[in-house]
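Colleague: Dumping the structure here so I can ask a few things about it.
The values are calculated or read from the model by the stated rules, or taken from the named source; none is laboratory data. Values in this document were obtained by computation on a predicted structure and should not be read as measured data. Cβ placement follows ideal geometry from the backbone for every residue including glycine, while neighbour counts extend to all protein chains displayed. Ligands, DNA and RNA are stripped out before the accessible areas are found, and what is left, the full protein with its side chains, is counted by its heavy atoms. Shrake-Rupley method; radii C 1.70, N 1.55, O 1.52, S 1.80 Å.
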Amino acid sequence: LVRPLLYNCPLEYDPAIFNADMLEDIHIRHLRIGSRWNGLFHHHGMPLYYTIGQAQEMDYGWNAINMKRTAHSTVEDVEIRNFTNPIYIQDSREVTVQHVDVSGYDGHQALKVYCHTCDCTFYDIILHSHFADMMGGEGNAYANTFSHIQYLNPTFHPVDYDFHS
């Protein structure tokens, strides 16, 4: 272990510790990324006249940066245009995301921490687009810090902070 557990684990359950290998020192810097997303976004395909496939594509089919099982990594000085999910960090630790500018069509989740993502920092991020869920986390994601996030969506639609757990 690199640090103590964040909670006491009763020994009556015979706890075990396992190693999970991760990619380390992945650095995405000084990048401009765009897509041909057509902007047809309705959160979870609502109203219901979209097919399941169309709803899945709207919500999850246009991801710009998706870091999975990474550690000690960075996303820095990046421009993202026309993605429904600009930044996902999943099953990762100690990832720093900073100096990111997001624009384009509406989308689903702008910044998402997922599964066991922990100890990540999101700093100085500007969102010019509307997102149904501006920031979110779920699945035992903990100890992540969000700071200096600017939500400048021009349409003034309501926005959610979507934390499932």
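Colleague: Mind checking whether some residue in region 145-162 is over 12 Å from Tyr88 (Cα atoms), free of Cβ contacts under 8 Å to residues at least 24 places away in the same chain and hydrophobic (A, V, I, L, M, F, W, C)? Before you say what the answer is, go through the steps one by one.
Modeller: Pass one, region 145-162, residues over 12 Å from Tyr88 (Cα atoms): 145-162.
Then keep just the ones that are free of Cβ contacts under 8 Å to residues at least 24 places away in the same chain; that gives 156, 158.
Among the residues that remain, those that are also hydrophobic (A, V, I, L, M, F, W, C) are: 156.
Yes: one or more hits.
Colleague: For the structure I just gave you, tell me whether Ser147 is part of a strand (DSSP E or B), of a type in the set (S, T, N, Q) and surrounded by fewer than 16 Cβ atoms within 10 Å (Cβ to Cβ).
Modeller: Yes; evaluated as a whole, the condition is true for this residue.
Colleague: Among the listed residues Ser92, Ser73, Ser103, which satisfies the condition of being farther than 27 Å from Glu24 by Cα, open to solvent by less than 40 Å² (accessible area, probe 1.4 Å) and either in contact with a strand residue (DSSP E or B) (Cβ under 7 Å, 6 or more places away or on another chain) or charged (D, E, K, R) (or both)?
Modeller: On the way: Ser92 fails: farther than 27 Å from Glu24 by Cα; Ser73 fails: farther than 27 Å from Glu24 by Cα.
Just a single option satisfies the conditions, and that option is Ser103.
Colleague: Residue check: is Phe18 among the aromatic types (Phe, Trp, Tyr) and open to solvent by less than 40 Å² (accessible area, probe 1.4 Å)?
Modeller: When the stated conditions are applied, Phe18 does not pass them.
Colleague: Give the residues of region 122-141 that are surrounded by 15 or more Cβ atoms within 10 Å (Cβ to Cβ) and under 14 Å from Ile89 (Cβ atoms), sorted by residue number.
Modeller: Passing the criteria: Phe122, Tyr123, Ile125, Met135, Gly136, Gly137, Ala141.
Colleague: Report yes if Leu152 is over 30 Å from Tyr7 (Cα atoms) and buried (at least 21 other Cβ atoms within 10 Å of the Cβ), otherwise no.
Modeller: Details: over 30 Å from Tyr7 (Cα atoms): yes; buried (at least 21 other Cβ atoms within 10 Å of the Cβ): no.
So Leu152 does not fit the description; no.
Colleague: Another question, if that's okay. Which of the following residues is assigned to a strand (DSSP E or B) and either over 18 Å from the mean Cα position of the chain (by Cα) or acidic (Asp, Glu) (or both): Glu76, Glu57?
Modeller: Only one candidate passes the filter, namely Glu76.
Colleague: Further question on the same structure: Checking Ile87 against (1) in a loop (DSSP other than H, G, I, E, B); (2) modelled with pLDDT of 95 or more; (3) of a type in the set (A, V, I, L, M): exactly one of these is not met. Which one?
Modeller: (1)
Colleague: Follow-up. Which count do you get for residues in region 27-45 that are at negative phi and open to solvent by 100 Å² or more (accessible area, probe 1.4 Å)?
Modeller: Of the residues in region 27-45, 4 are at negative phi and open to solvent by 100 Å² or more (accessible area, probe 1.4 Å).
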